[in-house]
1. With charges only on Cβ, +1 for K and R and -1 for D and E, what is the dipole size of chain B about its Cα centre, in debye, rounded to 20?
2. Given H placed 1.01 Å from N in the peptide plane, which residues other than close sequence neighbours of residue A:127 have an amide H under 5 Å from its amide H?
3. Segment A:174-266: which GluC sites (Glu not before Pro) are DSSP loop and have at most 12 other beta-carbon atoms within 10 angstrom?
4. Work from the charge dipole of segment A:30-75 (Cβ charges, +1 for Lys and Arg, -1 for Asp and Glu, about the Cα centre) and give the residue of A:66, A:51, A:33 farthest towards its positive end.
5. For the protein assembly as shown, report the % of Cα-Cα distances exceeding 44 Å.
6. Helices from chain B with mean Kyte-Doolittle at least 1.0 and a Cα length along the axis of 18 Å or more, per DSSP H: which?
7. Which residues' amide hydrogens lie under 5 Å from the amide hydrogen of residue B:144, considering only partners 5 or more residues apart or on another chain, with H built in the peptide plane?
8. Tell me, what HN-Hα J-couplings in whole Hz come from the Karplus equation 6.51 cos²θ - 1.76 cosθ + 1.60 at θ = phi - 60° for each residue of segment B:32-40, using x for Gly and Pro?
Amino acid sequence: MDQGTVRVKRGLAEMLKGGVIMDVTNAEQARIAEEAGAVSVMALERVPADIRRDGGVARMADPTRVEEIVAAVSIPVMAKARIGHFVEAQVLETLGVDYIDESEVLTPADEAYHIDKWQFTVPFVCGARNLGEALRRIGEGAAMIRTKGEPGTGNVVEAVRHMRTMNDGIRRLQNLDEAQLMSETRDLGAPHALIREVAETGALPVVNFAAGGIATPSDAALMMQLGCDGVFVGSGVFKSGDPAQRARAIVEAVTYFEDPQIVAKVSRGLGEAMVGIEIDKLPDEERMQERGW
Amino acid sequence: MTFVSVGVLALQGDFREHAAALERLGAETTLVRTVADLMSIDALVIPGGESTTIGKLADWNGLVGPLRQRIGEGLPTMGTCAGMIFLAGATAERSDQVQLGVLDVVVRRNAFGRQVDSFEAEISVDGLSDPVHGVFIRAPWIEKIGDGVDVLAEVEGHPVLVRQGSIIATSFHPELTGDARLHTLLLDMVREG
């Protein structure tokens, strides 16, 4: 009996496809998310919009809080660790979380290195803006990728940019010959074996979700039509006027993303979406997507 | 080979992996999201995923009744992991989950543990000469079985593969390994009528 294998790590992400993973900060929010049809919840101390507003160092959530969330729901629980903070990851693994998000939403603990994720039994998801970044994270052992987007803004434009950039990168590889793949390896700064694999299959070797700025059912369906496998919603649910109804609407929009009539139906009467931020108005040092490499 | 059209319930989960496995065997597949999609199929697969999510989406979109009816009428059906839970009559731990109740078993969700306990193992299956490589992800097991349910495989004494008439249910994920034998079993049921 083998545990912690690549197949079971990537496999759990396969099971989450076509689903919505929602940020929650306590057990009550976790139950609302589960009731609304979330496939998983992400435990964290503050949602990205509040981290952005309040500033300060954002860290792993309190273990008691994580355990309360784990106990409150039957769906898998993810939790965030700081980039490079392998001890936060060790702690989260002992708490029984099902996935760790090594996340730029928290304040990075290491500016040079991400966590060596091969050392863990629990799988990891990491953010990426482009193909090279995704393959570096997979090279470090990530079993799932998500776009970085720009968290806590309620503005989907960066997630769209990252997904399109990823797709362009994959399509480009498919047209290169062996010699060109090596120079592409140099340019992307990612493992050659993974680059060859993507060139051959035309897809990332792991599941790729959208994240960072998704606030409405249409945002979610847009990311699905761009080719994402599923959607993370951070501040978009619990910073909105009616979290339970909005959460369910986003879940339905992800399943029926190809049917605009259903997206229209679930989008009606949802009340206030979270207040959005224009990315151009964000000072460079407040752009979370620039964290990590 | 007769033409077989298999529906794969595509509300959430790894439905594309099932569809790909079936297409490699020469079947035509339909991704089932509406009642209309259910009407023209010869067999059905309910994939791995989150059983609570799949149950809610089926309920909200009026699929529970039609699914019960078609499977109850003998539509050959295979459920894997979440699919097994959705087919079952009850779960051991909670009562408010939407389930079809067409498979006369009680399942225990996440019975083998959380993700860190997920595992791969060789399991022997009644009727197959070589073992099946089972991928168990936060997997359920079957806690109680009704009359008319045959246990085809067990892990540590717990049923993980059962058959009841034209329904097959597994705790593990044959769609992730490239082993086509269980999908073949489903297609054989259609061909044998």
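Where a number appears in this text, it was derived from the coordinates with a stated rule and is not lab data. All figures in this text were calculated on a predicted structure; none of them were measured in a lab. Heads up, the Cβs are rebuilt from the backbone with ideal geometry, glycines too, and the neighbour counts pull from every protein chain shown.
1. Numbers: 15 positive and 26 negative charges, 109 e Å.
For chain B, the charge dipole is close to 520 debye.
2. A:104, A:146
3. Details: sites: A:178, A:184, A:197, A:200, A:252, A:258; in loops: A:258.
Sites meeting the loop and neighbour criteria: A:258.
4. The residue sitting most towards the positive pole is A:51.
5. Numbers: 12287 of 117855 pairs.
Counting pairs separated by more than 44 Å, the tail of P(r) holds 10 percent.
6. Numbers: long enough: none.
Once both thresholds are applied, nothing remains.
7. Distant-sequence amide H within range of residue B:144: B:106.
8. With coefficients 6.51, -1.76 and 1.60, one gets 9, 10, 9, 4, 4, 4, 6, 6, 9 Hz.
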